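Below is one structure, written out as structure tokens; comments come after it.
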Amino acid sequence: MTTSTAGGRRHGARANQRALQEAIKRLIVERELAPGAALPTEVELMKELDVSRHPLREAMKALEAVGIVDIRHGYGTYVGSMPLTGLEAGLAFRGALSLRGDYADIRDLLEVREVLESGLVGRVLDAYDRLDLDELTATVTAMEREAEQGRYAPEADWRFHETLYRPLGNDLVLDLLRVFWRVFNTLDPELPRANDTPLLTARRHRAILEALRARDEAALRAAVDDHFRGIRARVPDRSRSA
């Protein structure tokens, strides 16, 4: 078998795999299967898609890697409930590489998150009556309590942001922010602290909370900007210092 023939077969196999994955996604959409819904059994899919077991399993593994399906061994295959899994993995990998480089990908990630959160200030105020101010207060208090011991409280930090944006009723926004936050939190131990301290971080979240309580849009925008200014200070721009 010549090299060109082998290469052609590999290319054909990859094209067939892509087509099979698209067929499975199309089946999910056309049947209006919601996240968490069970897919047809493996035998049923083999018959319906006219494919053998091995390529079907390979396609399912590929779709599971990006969160489109959830394979529960011994139970079946379900529509994935975390469609941004692939995005998170890719951003985490690029961020890890960026730590060894010029931090550009980390700065880009932070900029996208900042633009998104800053842009939601008006909508958060519009949803004021649906905000859980007691839960927001509890998360800030937890951050302050940990800060007094010189410790950060990442779980309380995320809970604050989740509680803040959940009343907007936009699950995609929440999923994106969760991805951005988790990726940055993974990279956090390897970033310089700059002038950041647990007390200062807690104080910035307290400022956001108090601006919310006052329904003061200008103060809220200033508090959110100060929050991100503190994070930006921890991501050096090595291209400028070069």
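Once you order the gyration tensor axes a ≥ b ≥ c over the Cα atoms, which shape class does the chain get: rounded for a/c under 1.5, otherwise prolate or oblate by comparing a/b with b/c? Taking the square roots of the gyration eigenvalues as a ≥ b ≥ c, the chain is prolate.
With the charge dipole of the range 9-61 set up from +1 on Lys and Arg Cβ and -1 on Asp and Glu Cβ about the Cα centre, the Cα lying farthest toward the positive end among the listed residues Ala19, Ala34, Met46 is that of Ala19.
Of the residues Ser81, Ser118, Ser52, the one that moves most in a GNM of the chain with alpha-carbon contacts below 10 Å is Ser52. The dipole here belongs to the range 1-133: it is taken about the Cα centre, uses +1 on the Cβ of Lys and Arg and -1 on the Cβ of Asp and Glu, and is about 780 debye. For labels at Trp181 and Asp216 in the simple 7 Å Cα→Cβ model, what's the distance in nm? Spacing of the two 7 Å Cα→Cβ label points: 2.5 nm. For Val69, nonlocal amide neighbours, meaning residues 5 or more places apart or on other chains whose placed amide H falls under 5 Å from its own, are Glu64, Gly80.
Over the chain, DSSP H runs of length four or greater, each weighted -39,500 (n - 2.57), average out per residue to a 222 nm ellipticity of -22000 deg cm²/dmol. An oblate overall shape is assigned to the range 114-203, the ratio a/c of its alpha-carbon gyration tensor axes (a ≥ b ≥ c) being 1.5 or greater and a/b not exceeding b/c.
Computing FRET efficiency as 1/(1 + (r/R0)^6) for Ala104 and Ser52, where r is the C-beta to C-beta distance and R0 is 35 Å, gives about 0.20.
Tell me the carbon and sulfur percent of the accessible area for the chain, rounded to whole percent, probe radius 1.4 Å. Looking at the chain in its full context, I get 52 percent from C and S.
Only Cα pairs under 8 Å and at least 6 apart count here; give the relative contact order of the chain as a rounded whole percent.
18
Considering only alpha-carbon pairs that sit under 8 angstrom and 6 or more positions apart, the relative contact order computed for the range 16-69 is 48 percent. A straight chain from Ser81 to Ala96 at 0.36 nm per residue would run longer than the Cα-Cα distance by 2.8 nm. Distance from a point 7 Å along Cα→Cβ of Glu22 to each backbone N in the range 59-88: keep the residues under 19 Å and list them by number. Answer for the range 59-88: 59-64, 66, 68-69.
A protection proxy built from the mean count of other Cβ atoms within 10 Å ranks the segments 100-106, 169-175, most packed first, as 100-106, 169-175.
Kindly report the accessible area of the chain per residue (heavy atoms of protein chains, probe 1.4 Å, no ligands, DNA or RNA), in Å².
Details: 13880 Å² over 242 residues.
Here the per-residue accessible area is 57 Å².
Full extension of the chain between Gln149 and Ala233 yields a length gain of 27.9 nm, computed as 0.36 nm times the residue separation minus the alpha carbon distance. Here the Gaussian network model covers the chain, with springs between Cα atoms less than 10 Å apart; of Leu56, Leu164, Leu220, Leu56 fluctuates the most.
The values are calculated or read from the model by the stated rules, or taken from the named source; none is laboratory data. Source: prediction; values computed, not measured. Every residue, glycine among them, receives a Cβ derived from its backbone with ideal geometry; neighbour counts consider all protein chains shown. All accessible areas refer to the heavy atoms of the entire protein, side chains included, with ligands and DNA or RNA removed. Shrake-Rupley method; radii C 1.70, N 1.55, O 1.52, S 1.80 Å.
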